[in-house]
Amino acid sequence: MKFQLAINMERMDPSIDMNDVARHTLEMVQMADQGGFEIVWAAEHHALEMTIAPNPFQLLTWWAGHTDNIRLGTAVAVAAYWHPINLAGEAAMVDLISGGRLEFGLGSGAYQREFDRMHAGLKQSDAYKYMQEMLPALKGLWAGDYEHNGEFWTFPTSTSVPKTLQQPHPPIWVAARSPITFDYAVQNNCHVMSWPLTRPFAEAELYRSQLDESIAKHPDSSRPTFALMRHTALYENTAGRDAAITAIQTVLGQFENLFRNLGDVNNGFPKQIPLAELTDREQYNADMLEENLMFGSPEAVIAKLKRYEALGVDDFIYYASLGLGHKEQKRSLELFCNEVIPAFS
């Protein structure tokens, strides 16, 4: 099993200095670079302080200049928010200046709130159609002169400038949770990243079975790398456990607001749905969160990861952003690098 890091520039309330957030994020990326992580992922989100990522390529360019080995990925660029020529060129530029370290992740987008602002009138449930039209356009632009006449974009003969350093293009990843997206990823020789949210191990088993079914349908396609993401927090005592649970419950309360599209966002900060409304639901119960997420001591985390490895998860994505304090985040990552990764060498 190999390891990847997903991290956001994350600001939970207005009292947190933006400079501290930026410095902390970069230091976490540098720790991962030196600690044996293979890839670091930057998201794309808009008008939300909890995930400050208006352009993932800016973040990757920044990180590229301060790291040596780690590969740099978008998780994910949201197809409906981009024009193909723009997206192809931005991605290729990062690949060029990073020395060929780009991993290109493409997806449909998460929150209806963002679509209401970035692509008015588009339903989140229909956004996968943009992703499916975008991918062949990108491949065409990276290859050379290409003309596109599609449902969502039309443009005359154009090419990506610059071209990607990796040929014919960087590795391509698709965020998948549904059979239709697994099928699309496998059919188009893309790697797959999946996120079971806070759901139990059975959800990962479901994704694995859907992927296997897709692979069986497309025997001529190459076998994709299967990466699975979980919020991760390692700790050494009860106080560490309590801090991690409180932090993730707070973030999940904000996620709930965004997924419901309640519109209760003040100056970029989503209001948390009261915990009293959440703790009665199984996925927000503290014990269930500790069991389902990659929470626990290094020994407990190793045991959980061995179970995912046996399932056929090739790469584990350590999702670091969960509202935890900067000191606690760094200690967690330090424990993971020093005690967990060596167990999978």
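Any read-out appearing in this document is the output of simple, stated calculations on the displayed coordinates, not a laboratory observation. It should be emphasised that the depicted structure is a prediction, and the values quoted were computed from it without experimental measurement. All Cβ positions, even for glycine, are placed from backbone atoms using ideal geometry, and neighbour counts span all protein chains on display.
Tabulated data
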read-out	value
Derived scalar couplings ³J(HN,Hα) [the range 42-56; Karplus, 6.51 cos²θ - 1.76 cosθ + 1.60; whole Hz; x for Gly, Pro]	10, 8, 10, 8, 9, 6, 10, 5, 6, 9, 8, 7, x, 8, x
Antiparallel %, DSSP beta bridges [both residues in the chain], to 5	15
Average projected area [Cα convex hull, the range 48-150], square nanometres	7.1
Per-residue ³J(HN,Hα) for the range 104-118, Karplus 6.51 cos²θ - 1.76 cosθ + 1.60, θ = phi - 60°, Hz, x for Gly and Pro	9, x, 10, x, 9, x, 10, 10, 4, 4, 5, 4, 4, 9, 9
Of all DSSP beta bridges in the range 1-151, antiparallel share, percent nearest 5	10
Relative pair counts by distance (%), Cα atoms of the range 173-232, 5 Å bins	4, 22, 33, 22, 11, 5, 1, 0
Gain upon complete extension [Ala286, Asp20; 0.36 nm per residue less C-alpha separation]	92.9 nm
With Cα atoms, 0 to 90° folded angle of helix 128-143 axis to the chain main axis	60
Computed over the range 215-345, Kirkwood Rh from alpha-carbon pairs, angstrom	16.4
Cross-link pairs Lys123/Lys304; Lys304/Lys330; Lys129/Lys217; Lys271/Lys330; Lys2/Lys123; Lys129/Lys330 - those with Cα-Cα distance over 29 Å	Lys123/Lys304; Lys2/Lys123; Lys129/Lys330
Gyration tensor over alpha-carbon atoms, the chain, equivalent ellipsoid semi-axes in Å	31, 23, 21
Net charge over other residues, Cβ less than 14 angstrom from the Cβ of Lys163 (K, R count +1; D, E count -1)	-2
Leading residue at positive end of dipole, the range 56-211 (Cβ point charges), from Ile172, Gly65, Met134	Gly65
Loop sites in the range 216-324: trypsin sites (Lys or Arg not before Pro), DSSP, at most 14 other Cβ within 10 Å	Lys271, Arg281
CD proxy at 222 nm, helix term only [per DSSP H run n ≥ 4: -39500 (n - 2.57); per residue of the chain; nearest 500]	-13500 deg cm²/dmol
